[in-house]
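Undergrad: The structure is given below, and queries will be raised subsequently.
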Amino acid sequence: MNRVGQAKDLLLKYRRHRAILRPSLGRFIYHWMKGSTEVPYGPLKLHIEPTSFCNLRCPMCPQSVGANEHNGFMELDLFRKIINEAKDFTTEANLFFRGESMMHKDIYEMIRVCEEAGIAAHINTNATLLRDEKIDLLLDARPSKLTVSFDSGEPDEYEEMRKGAKFDHTLERVLQLLRAMKTRSGKRPYMVMQVIQLWNSGYAKGALPTIPQHFLDRFTGLPVDEWDTFWAHGWAGQMETSDFYTARPHGPNFFPCNWLWKSMAIYWNGKVPSCCADFAEDQIMGDLSTQSILDIWNSKEYQAIRQAHVAGNLEDYKLCRGCDAVWQDDGAAWSLFSSARGVVTGESSLPVLQNGSHDVSKASSTE
């Protein structure tokens, strides 16, 4: 939910987001709208990287251009430290980041550690590594959410987008997973099929991605809770100049990215980047191998980047400058958000920059 327009998903897709639908969500929204640089709560959501290694090289991912130079696997002791610190304020943990999480031998134990601590574990996988034994181990661990990223329902396009994967092979792995889920009782995991689509410059403004019906028909009678499809984005500008695809267009309205008030990303080695779009370790906030989550969360580094967003001065943060998350679309969601923020701050108008060039470096301060 890094874009204002996605906020409606919190209500429309309750089962998917119920882990963060807590009173703490209201505090986050208040301090984000207000523009607080120091916040009186910990991150609601963690984005933890079990491993930065990936078995695919998808051309719409920074992995394909070698963005992350230092790769490894998170030690289980470090993972336990993180969850132990987070259990009092974090309600959900995405156990994935730059790599394929199913490559980590302890991923099943990581899921259990989260769930036993009262933190909903969410796994996102490309499904290419799923085998009978791994499917059983994954379902035995009982993650709250499981997302399979299966880009494109067309075989040729899928194999072009998912370099190193074969459509028929991966599809059979996914169908086997779903068949296994059907034989088990309980509501976990909440199952999402994610289908990323490629934007075409010929599409009309506001066009929505679609999934071929013949692909959807393959899943009839199987336990898919949600189909999630969206346009491939530019990874904070890192892939804006890709020869393979055109990133989703930015909206016209600037407002601080809510990630900085809501979530924390963590690399396999404990380092904390400003967000999950930082593949190359360009904007480091701290290191959990030597610091605590709360110490980093309100550190001078975090307060500085929040202030930069509030002021609309992102000159020192190149990833933020090129990211579509700070450029919101026009429409009902933006109008409602603008009105709500006015109630929170007492200001009659939004002190945001309207600038189609997406250059916020000269924006005036909102304080």
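The values are calculated or read from the model by the stated rules, or taken from the named source; none is laboratory data. Small disclaimer: the values here were computed from a predicted structure and weren't measured. Every residue, glycine as well, gets a Cβ built from its backbone with ideal geometry; the counts of neighbours run over all protein chains shown. Accessible surface is based on the protein model in full, side chains and every heavy atom, while ligands, DNA and RNA are left aside. Shrake-Rupley method; radii C 1.70, N 1.55, O 1.52, S 1.80 Å.
Undergrad: Consider Glu92 carefully, then state whether it is open to solvent by less than 40 Å² (accessible area, probe 1.4 Å) and within 19 Å of Arg188 (Cα to Cα). If you could, list the steps in order and put the result at the bottom.
TA: On the way: open to solvent by less than 40 Å² (accessible area, probe 1.4 Å): yes; within 19 Å of Arg188 (Cα to Cα): yes.
Yes; evaluated as a whole, the condition is true for this residue.
Undergrad: Filter segment 255-284 for residues that are in a strand (DSSP E or B) and open to solvent by less than 10 Å² (accessible area, probe 1.4 Å); which is farthest from Gly99 (Cα to Cα)? Quick ask: steps written out before the conclusion?
TA: Applying the first criterion (in a strand (DSSP E or B)) to segment 255-284 yields 263-266, 271-273, 284.
From what's left, open to solvent by less than 10 Å² (accessible area, probe 1.4 Å): 263-266, 272-273.
Numbers: Ser263: 19, Met264: 17, Ala265: 13, Ile266: 12, Val272: 16, Pro273: 15 Å.
It comes out as Ser263.
Undergrad: Within segment 147-156, track down each residue that is modelled with pLDDT under 95 and either in contact with a strand residue (DSSP E or B) (Cβ under 9 Å, 6 or more places away or on another chain) or surrounded by 19 or more Cβ atoms within 10 Å (Cβ to Cβ) (or both). Reasoning before the result, please.
TA: Filtering segment 147-156 for residues modelled with pLDDT under 95 gives 149-156.
Within segment 147-156, Ser149, Phe150, Asp151, Ser152, Gly153 qualify.
Undergrad: Would you call Ala121 closer than 30 Å to Lys166 by Cα and in contact with a Cys (Cβ under 8 Å, 6 or more places away or on another chain)? Quick ask: steps written out before the conclusion?
TA: Values: closer than 30 Å to Lys166 by Cα: yes; in contact with a Cys (Cβ under 8 Å, 6 or more places away or on another chain): yes.
Judged against the criteria, Ala121 is a match.
Undergrad: Tell me which residues, restricted to segment 291-332, are without any contact (Cβ under 8 Å) to a residue 60 or more places away in the chain, among the small types (Gly, Ala, Ser), closer than 30 Å to Asp88 by Cα and not in a helix (DSSP H, G or I).
TA: Within segment 291-332, just Ser299 meets the criteria.
Undergrad: Here is a further query. Can you find even one residue in segment 92-114 that is within 15 Å of the chain's Cα centre (by Cα), basic (Lys, Arg) and in a loop (DSSP other than H, G, I, E, B)?
TA: Filtering segment 92-114 for residues within 15 Å of the chain's Cα centre (by Cα) gives 92-101.
Right, trim to basic (Lys, Arg) and you get 98.
Checking the rest, the ones that are also in a loop (DSSP other than H, G, I, E, B) come to 98.
Scanning segment 92-114 turns up at least one residue that is within 15 Å of the chain's Cα centre (by Cα), basic (Lys, Arg) and in a loop (DSSP other than H, G, I, E, B).
Undergrad: I'm told Gln238 meets every condition in (1) farther than 30 Å from Glu85 by Cα; (2) modelled with pLDDT under 90; (3) open to solvent by less than 40 Å² (accessible area, probe 1.4 Å) except one. Can you identify the failing condition by its number?
TA: For Gln238, the exception is condition (3).
Undergrad: Among the candidates Ile123, Ile119, single out the residue that is farther than 27 Å from Asp282 by Cα and modelled with pLDDT of 95 or more.
TA: On the way: Ile123 fails: farther than 27 Å from Asp282 by Cα.
Of Ile123, Ile119, the one residue that is farther than 27 Å from Asp282 by Cα and modelled with pLDDT of 95 or more is Ile119.
Undergrad: Continuing with the same structure: Going through segment 62-86 one residue at a time, which ones are at pLDDT below 95, open to solvent by 30 Å² or more (accessible area, probe 1.4 Å), part of a helix (DSSP H, G or I) and not small (Gly, Ala, Ser)?
TA: Val65
Undergrad: Could you please find all residues in segment 131-146 being touching a residue at least 40 places away in the same chain (Cβ under 8 Å), crowded, with 21+ Cβ neighbours inside 10 Å and not basic (Lys, Arg)?
TA: Pro143, Ser144, Leu146, listed by residue number.
Undergrad: State the number of residues belonging to segment 173-201 that are more than 16 Å from Asp151 (Cα to Cα) and open to solvent by 30 Å² or more (accessible area, probe 1.4 Å).
TA: 10
Undergrad: Considering segment 136-167 alone, what residues qualify as being hydrophobic (A, V, I, L, M, F, W, C) and not in a loop (DSSP other than H, G, I, E, B)? Break it down stepwise before answering.
TA: The initial filter retains those residues of segment 136-167 that are hydrophobic (A, V, I, L, M, F, W, C), namely 137-139, 141, 146, 148, 150, 161, 165, 167.
Once the filter is applied, which keeps residues that are hydrophobic (A, V, I, L, M, F, W, C) and not in a loop (DSSP other than H, G, I, E, B), segment 136-167 yields Leu137, Leu138, Leu139, Ala141, Leu146, Val148, Met161, Phe167.
Undergrad: I would also like to ask the following. Which pairs have Cβ atoms under 8 Å, sit 6 or more apart or on different chains, and link a residue in segment 104-117 that is open to solvent by less than 30 Å² (accessible area, probe 1.4 Å) to one that is of a type in the set (Lys, Arg) and part of a helix (DSSP H, G or I)?
TA: Between residues of segment 104-117 that are open to solvent by less than 30 Å² (accessible area, probe 1.4 Å) and residues that are of a type in the set (Lys, Arg) and part of a helix (DSSP H, G or I), the close pairs are Val113/Arg80.
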